[in-house]
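The values are calculated or read from the model by the stated rules, or taken from the named source; none is laboratory data. Computed from a prediction, not measured in an experiment: that's the story for all the values here. Backbone-built Cβ (ideal geometry, glycine too); neighbour counts: all protein chains shown.
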Amino acid sequence: MNSSKMTKLDPVLLGFTLNPDLPILSYALDVESAGCAAPHKHPRGQFVYASSGVMRVVCLKTSWLVPPSQGVWLPPDTEHEVYFPGKVKIRNLFFDPSYIEGLPSGCSVLKVNPFLRELILKAVSFGDSYKLNSPAWRVIEVLRDELRIAERAGLCLPMPEDERALRVSAALLKDPADGRTLEDWSKLACTSSRTLLRIFERETSLSFGDWRRNLRFMKALERLDAGESVNEVALSSGYESSSAFIAAFRKLFGESPMRYLLASSED
């Protein structure tokens, strides 16, 4: 997205509020074309979730595109950025450091099943108006239990640090559909094709082909969420037809692009 046109969002103060008697504090906001004003961190852990719309979350040089079927867990004091390319309903949870036992020790994309989604929306309705051993408190405890066992998920796009691979990744970020061959990319990187492949695998834990595929799908999901047609997105992503794009998407995610993006509207 064009960062010069997006609304800049300051860090949420709830992330800095430490109080074990309020183990989870919630935050709700509807935004459009917005993002963090700058990378930041806070002493509370955060579960970044959008009940509608697609987010881009950047943490420790790794970028994720996150639809409503997923959320991102950020441990306390983890620097991150979040961007909202289209219309997004933010429903975030901030965890007191005393309440994160059993949650992942690092940044993690987690699946949000229908039950977990309803727990999140219920917790958001509580705000900070709940007390120890109240019905609301018990919902909070079930919510944490569900997050502890949530499945890992998500499109991952780690960025390489080696200057040669960075030249290639920068070009592909500008045009994910760029169809140059590996030999062409190695010339741009001023190295051999074998070395370029090794650099990507070493620094991103992905093959060059998988890295480029993930980038294409991340950009495609962003554009589909903005309302572009599957055919438009497929052709501009480097696929010969929409059916080829849907088949590749279904192979990776187990469902069609539109079903993947589908989320129930809030009451």
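How many residues are crowded, with 17+ Cβ neighbours inside 10 Å and either among the β-branched types (V, I, T) or outside any helix (DSSP H, G or I) (or both) if we restrict to region 160-176?
4
Going through D96, D128 one at a time, which residue ends up being surrounded by fewer than 15 Cβ atoms within 10 Å (Cβ to Cβ), on the phi < 0 side of the Ramachandran plot and in contact (Cβ under 8 Å) with a residue 24 or more places away in the chain?
Numbers: D96 fails: surrounded by fewer than 15 Cβ atoms within 10 Å (Cβ to Cβ).
Sole residue among the options that is surrounded by fewer than 15 Cβ atoms within 10 Å (Cβ to Cβ), on the phi < 0 side of the Ramachandran plot and in contact (Cβ under 8 Å) with a residue 24 or more places away in the chain: D128.
If a residue has to be farther than 12 Å from Q46 by Cα and either under 13 Å from the mean Cα position of the chain (by Cα) or crowded, with 21+ Cβ neighbours inside 10 Å (or both) to count, how many in region 83-93 make the cut? Steps first, please.
In the first step, residues of region 83-93 are kept if they are farther than 12 Å from Q46 by Cα; the result is 83-90.
Checking the rest, the ones that are also either under 13 Å from the mean Cα position of the chain (by Cα) or crowded, with 21+ Cβ neighbours inside 10 Å (or both) come to 83-85, 88, 90.
Counting residues in region 83-93 that are farther than 12 Å from Q46 by Cα and either under 13 Å from the mean Cα position of the chain (by Cα) or crowded, with 21+ Cβ neighbours inside 10 Å (or both) gives 5.
Determine whether region 231-241 contains at least one residue that is outside the structural domain of S63 (by TED's automatic domain parsing), hydroxyl-bearing (S, T, Y), in a loop (DSSP other than H, G, I, E, B) and surrounded by fewer than 16 Cβ atoms within 10 Å (Cβ to Cβ). Reasoning before the result, please.
Kept after step one, since they are outside the structural domain of S63 (by TED's automatic domain parsing), are these residues of region 231-241: 231-241.
Checking which are hydroxyl-bearing (S, T, Y) leaves us with 236-237, 239, 241.
Now restrict to residues that are in a loop (DSSP other than H, G, I, E, B): 237, 239, 241.
With the extra rule that they be surrounded by fewer than 16 Cβ atoms within 10 Å (Cβ to Cβ), the set shrinks to 241.
So far as region 231-241 goes, yes, one or more of its residues are outside the structural domain of S63 (by TED's automatic domain parsing), hydroxyl-bearing (S, T, Y), in a loop (DSSP other than H, G, I, E, B) and surrounded by fewer than 16 Cβ atoms within 10 Å (Cβ to Cβ).
Could you list all residues from region 6-58 that are touching a Lys or Arg at 6+ places or on another chain (Cβ under 8 Å), assigned to a strand (DSSP E or B) and closer than 20 Å to L110 by Cα?
Correct list: I24, L25, S26, Y27, A28, Y49, A50, S51, S52.
Which of the residues spanning region 131-143 are surrounded by fewer than 12 Cβ atoms within 10 Å (Cβ to Cβ) and of a type in the set (A, V, I, L, M, F, W, C)?
Correct list: L132 only.
Taking the condition modelled with pLDDT of 95 or more and not in a strand (DSSP E or B), does P68 pass? Spell out the reasoning first.
Values: modelled with pLDDT of 95 or more: no; not in a strand (DSSP E or B): yes.
No; evaluated as a whole, the condition is false for this residue.
Restricted to region 187-228, and to residues that are more than 17 Å from V168 (Cα to Cα) and in contact with a helix residue (DSSP H, G or I) (Cβ under 8 Å, 6 or more places away or on another chain), which residue is surrounded by the fewest Cβ atoms within 10 Å (Cβ to Cβ)?
By that ranking, first place goes to R223.
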